[in-house]
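The values are calculated or read from the model by the stated rules, or taken from the named source; none is laboratory data. Bear in mind that the values here come from a model prediction, so they are computed numbers and not experimental data. Neighbour counts are summed over all protein chains in view; Cβ atoms, including those assigned to glycine, are modelled from backbone coordinates with ideal geometry. The area values use the complete protein model at the heavy-atom level, side chains included, leaving out ligands, DNA and RNA. Shrake-Rupley method; radii C 1.70, N 1.55, O 1.52, S 1.80 Å.
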Amino acid sequence: MKILRLPGEMHAVRDSLRGTPVVTGLVPTMGYLHEGHVSLLEAARERCDRVVMSLFVNPAQFRPDEDLDQYPRDEERDFAIAEKAGVDFVYAPDPEGVYPAGFATRVEVEGLTEVLCGDRQWRGREHFTGVTTVVSKLLNAVDPDFAFFGQKDAQQATVIARMAEDLEFRTEIVVLPTVRERDGLAMSSRNAYLSAPARERASAIWSALLETEALYPQEGLDAALAAGRHRLEAAGIRPEYFEARHPGTLDPAGDDPDQAILVAVAADVEGTRLIDNILIEPDRQARRK
Ligand code: PAF
């Protein structure tokens, strides 16, 4: 496994593979890898001849009051995990390499970034502009055939897929299921911040989503969402949002058992912001008749 620190080194690898039949996969990460990342790396390994993992804690997607400085980092551990998962190249540039002096470009997706986490009262759409700006730089630097993202960040994946299509990137965006702890909590690098009691309470997020899924067919959407919110509040967790949306457009979902719906949640647990979601497919909804 080779570690590349400079954009020029990444470009040299990219250029050496251009025009060859080699299939390249990119797994973008901010490091502090967990099993969710490993599942993306393994999927990339299975599908591609060359696997590139990027490791870059992207300052542009943090708000000034967010945890950029405290964001958990352990490069040596990440390199060992990546090597074990069969990564060929780790692209780990410095902020100055990604955003050199004079850097002045922002890649912004409209609409999809203004709801849920993009709502001004939560992270704001600037967060997603930071994500789409860095991901478009990574797609250009690596030029992969496939790029792999997790369903836990469903809104991020939707925004990136929109951007890739709108800007005619030749990369296919692949979204893979959320990997969970035994009690259902979605794997996240930020789980490391939770104290033991908060960690236990956080499992209510997945229980609330499951309860909503279970109640929806018989009780209807509003009642099912209310029950999910109640389950969270009973565990002492006040959600920022707990909402049903259409998966592709992120428009508010109506009570229509023939449509897939995405129930998405963000909640502050002891000062740590956690997100999760459940995709309820029409065939998993017993008909209300
Ligand atoms: O999901 C993440 O870890 C980040 O948002 C990403 C996609 C690596 C961009 O910095």
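Please report, in debye to the nearest 20, how large the charge dipole of the stretch 158-289 is about its Cα centre when each Lys and Arg carries +1 at its beta carbon and each Asp and Glu carries -1 there.
Here the stretch 158-289 has a charge dipole of around 380 debye.
Sort K137, K152, K84, K2 by accessible area with a 1.4 Å probe, largest first.
From most accessible down to least: K84, K2, K137, K152.
Hey, could you get me the Stokes-Einstein D for the stretch 134-289, Kirkwood radius over alpha-carbon pairs, 37 °C and 0.692 mPa s, rounded to whole µm² s⁻¹?
Taking Rh from Cα pairs, D becomes 197 µm²/s.
Quick one: which of 192-204, 9-21 comes out on top by average Cβ neighbours within 10 Å, and what's the full order, highest first?
Sorting 192-204, 9-21 by mean packing, highest first, produces 192-204, 9-21.
Semi-axes of the equivalent ellipsoid of the stretch 20-153: what are they in whole Å, largest first, if each equals the square root of 5 times a C-alpha gyration tensor eigenvalue?
25, 17, 16
Calculate, for the stretch 1-118, the solvent-accessible area per residue in square angstrom, rolling a 1.4 angstrom probe over the heavy atoms of the protein chains.
Numbers: 6040 Å² over 118 residues.
On a per-residue basis, 51 Å².
Report, to the nearest whole %, how much of the accessible area of the stretch 111-164 belongs to carbon and sulfur atoms, 1.4 Å probe, protein only.
Numbers: 740 of 1640 Å².
Looking at the stretch 111-164 in its full context, I get 45 percent from C and S.
So how much accessible area does E233 have, in Å² to the nearest 10, using a 1.4 Å probe?
Rounded to the nearest 10, that gives 90 Å².
How big is the stretch 73-145 by Rg and Dmax over its Cα atoms, in Å?
15.5, 41
Which one of L274, I237, Y193 is farthest out on the positive end of the charge dipole of the stretch 179-289, using unit charges on Cβ (Lys, Arg +1; Asp, Glu -1) and the Cα centre as origin?
Y193
Given R₀ = 30 Å, FRET efficiency for R47-D268 by Cβ-Cβ distance, to 0.05?
Computed FRET efficiency for R47 and D268: 0.25.
Rounded, prolate or oblate, given the Cα gyration tensor of the stretch 176-239, with a/c below 1.5 counting as rounded?
Oblate, since a/c reaches 1.5 and b/c is not below a/b.
Taking the full set of protein chains and a 1.4 angstrom probe, give the accessible area of H37 in square angstrom, rounded to the nearest 10.
30 Å²
Binning at 5 Å from 0, report for the chain what percent of all alpha-carbon pair distances ends up in each bin.
Per 5 Å bin, starting at 0, the Cα pair percentages come out as 1, 5, 12, 15, 18, 17, 13, 9, 5, 3, 1, 0, 0.
From Cα pairs below 8 angstrom and at least 6 apart in sequence, can you work out the relative contact order of the chain, rounded to a whole percent?
So the answer I get is 16 percent.
Could you calculate, for the stretch 219-289, the ratio of the Cα radius of gyration to the Kirkwood radius, expressed as Rg to Rh?
Answer for the stretch 219-289: 1.00.
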